[in-house]
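J.: Could you have a look at this structure, given as structure tokens, before my questions?
The values are calculated or read from the model by the stated rules, or taken from the named source; none is laboratory data. Since the model is a prediction, treat every value here as computed from it, not as a measurement. Note that we place each Cβ from the backbone using ideal geometry, even for glycine, and neighbour counts take in every protein chain shown. Only protein heavy atoms, including side chains, enter the accessible area calculation; ligands, DNA and RNA are left aside. Shrake-Rupley method; radii C 1.70, N 1.55, O 1.52, S 1.80 Å.
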Amino acid sequence: MNGKVILEKKQFDITLDRLCFELIEKHGNFSETALIGLQPRGIYLSRRIHARISEILNTSKILYGELDIAFYRDDFRRGNEQIIPSELKMDFSVQDKNIVLIDDVLYTGRTIRAALDALTDFGRPSKVELLVLIDRRFSRHLPIQPDYVGMAVDSRANDKVKVEWKETSKNDVVHIVTN
């Protein structure tokens with residue numbers, strides 16, 4: 001396995017700050033906006049985005065949730081593996097709110113499609129936007145594009161983009177791994 005680092009700690013932090021300021025520029029005080037991280041890997045990014053925006057705006061009132069899409073995936077029940085859902089953390093309605101879905105890597109778009117389906121169980125949002133740390137631009141199966149992008153990468157189909165978080169690994173780093 002060969003790998004190449006595409007985002008290191010310092011760049012990682014700068015990218016997160018840039019994404020936060022882009023959101024603040026668009027959503028102001030977040031009175032009509034909620035941030036929702038997608039389980040399982042998008043929550044590390046969404047928790048940091050939520051914490052950093054709360055710090056910048058000096059508020060603890062930004063709506064935040066974590067959405068599990070396990071039973072909404074189009075490959076649900078296609079394999080023999082038992083699906084174990086993550087803990088759902090959505091204690092508010094999304095009705096008429098601006099929603100920012102947050103995930104680590106956008107690849108085929110199927111995870112986001114599942115998230116949109118799951119989101120409707122919590123109401124009908126006014127608008128839904130998508131923030132991703134890494135956009136694998138030329139890999140879509142569905143016509144889904146992010147509104148906020150940390151970094152866009154061009155990769156081959158057999159490449160994998162691996163995001164390591166200090167919460168689960170030793171540090172924050174993004175690799176492209178070639179098999």
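J.: Where the centroid of each part is defined by its Cα atoms, how far is the range 109-179 from the range 35-66 in Å?
T.: If we compute the Cα centre of each part, the gap is 16 Å.
J.: Follow-up question, since we're still on this one. Report the label-to-label distance for ASN179 and SER126 in nanometres (one decimal), using points 7 Å from each Cα along the Cα→Cβ vector.
T.: 4.4
J.: Number of Lys-Lys pairs in the chain under 20 Å by Cα, sequence gap 8 or more or different chains?
T.: Pairs that pass both the separation and distance tests number 21.
J.: Counting only protein heavy atoms and using a 1.4 Å probe, what share of the accessible area of the chain belongs to carbon plus sulfur, as a whole percent?
T.: After summing per-atom areas, the C and S share lands at 48 percent.
J.: Note down the magnitude of the dipole of the range 112-179 about its Cα centre, charges +1 on Lys and Arg C-beta and -1 on Asp and Glu C-beta and zero elsewhere, to the nearest 20 debye.
T.: Computed charge dipole of the range 112-179: roughly 180 debye.
J.: Additional query: If you count only protein heavy atoms with a 1.4 Å probe, what accessible area per residue comes out for the chain, rounded to a whole Å²?
T.: 56
J.: Tell me which label goes with the value of Cα extents along the principal axes in Å computed from the coordinates here: (1) 56, 40, 31; (2) 46, 41, 29; (3) 57, 36, 32.
T.: Read-out taken from this structure: (2).
J.: Given +1 on the Cβ of Lys and Arg, -1 on the Cβ of Asp and Glu, and no further charges, what dipole in debye does the chain carry about its Cα centre, rounded to the nearest 20?
T.: Approximately 420 debye in magnitude.
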